[in-house]
Amino acid sequence: MITLSLGSAITGAVIKFIATVLCFLLMTKLPIFGVEIDSTGKAVFSALVFGILNGVARPIKEILKFGPGFTDVLIAYPIIFVLNIFIFALAAALVPGFKLRNKILDPILGSIFITIVYAVIDRLLHAGSPANAFLEGLIT
């Protein structure tokens, strides 16, 4: 039996999936992002494809993080950021109904936005966080 505790990987994945759907829907409403998604169902499917592509790229991201912490900031994180841009653009190319008005700028802005949201979620899910009890109340 799988338990869904706050610290489990499944809970974090579900929260990130919901956040990705909400990010995609929010990006369609803000003109700066240039993202067009036909419906909420397409946003859910786009988030699923985005998550699968991130899962496929995760081993590459983890390999890049090996080494001293200083090199992470200078080498690994810029490469991971560029990889996220390609994943965002690829998800838009694979899902019918998920369009980008500007094929260069929109994936960059979308990747920045989703990265910031993921960083906040990771911080909130971290054990000992002040928001831990709040999130636990929402999940259970």
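The values are calculated or read from the model by the stated rules, or taken from the named source; none is laboratory data. For clarity, every value in this text was computed on a predicted model and none was experimentally measured. Reconstructed Cβ throughout: ideal geometry from the backbone, glycine too, with neighbour counts over all protein chains shown.
From the list G128, G137, the one residue that fits, being over 15 Å from M27 (Cα atoms), in a loop (DSSP other than H, G, I, E, B) and modelled with pLDDT under 90, is G128. Checked against the criterion of being within 12 Å of the chain's Cα centre (by Cα) and among the small types (G, A, S), the range 49-70 has at least one qualifying residue. Counting only residues that are among the acidic types (D, E) and assigned to a helix (DSSP H, G or I), the range 21-63 holds 1 of them.
As a summary of the residue check, P96 satisfies the conditions (1) surrounded by 13 or more Cβ atoms within 10 Å (Cβ to Cβ); (2) in contact with a Lys or Arg (Cβ under 9 Å, 6 or more places away or on another chain); (3) outside any helix (DSSP H, G or I) except for the one numbered (1).
Each residue in the range 25-56 was checked for being farther than 10 Å from F98 by Cβ and aromatic (F, W, Y), and 1 pass.
When the residues of the range 7-39 are filtered to those that are among the polar types (S, T, N, Q) and within 18 Å of I108 (Cα to Cα), the one that is nearest to the chain's Cα centre (by Cα) is T20. Taking each residue of the range 73-99 that is over 13 Å from R58 (Cα atoms) and in contact (Cβ under 8 Å) with a residue 60 or more places away in the chain and looking for partners that are crowded, with 17+ Cβ neighbours inside 10 Å and of a type in the set (S, T, N, Q) with beta-carbon atoms closer than 9 Å, six or more apart or interchain, yields G97/S46; F98/S46.
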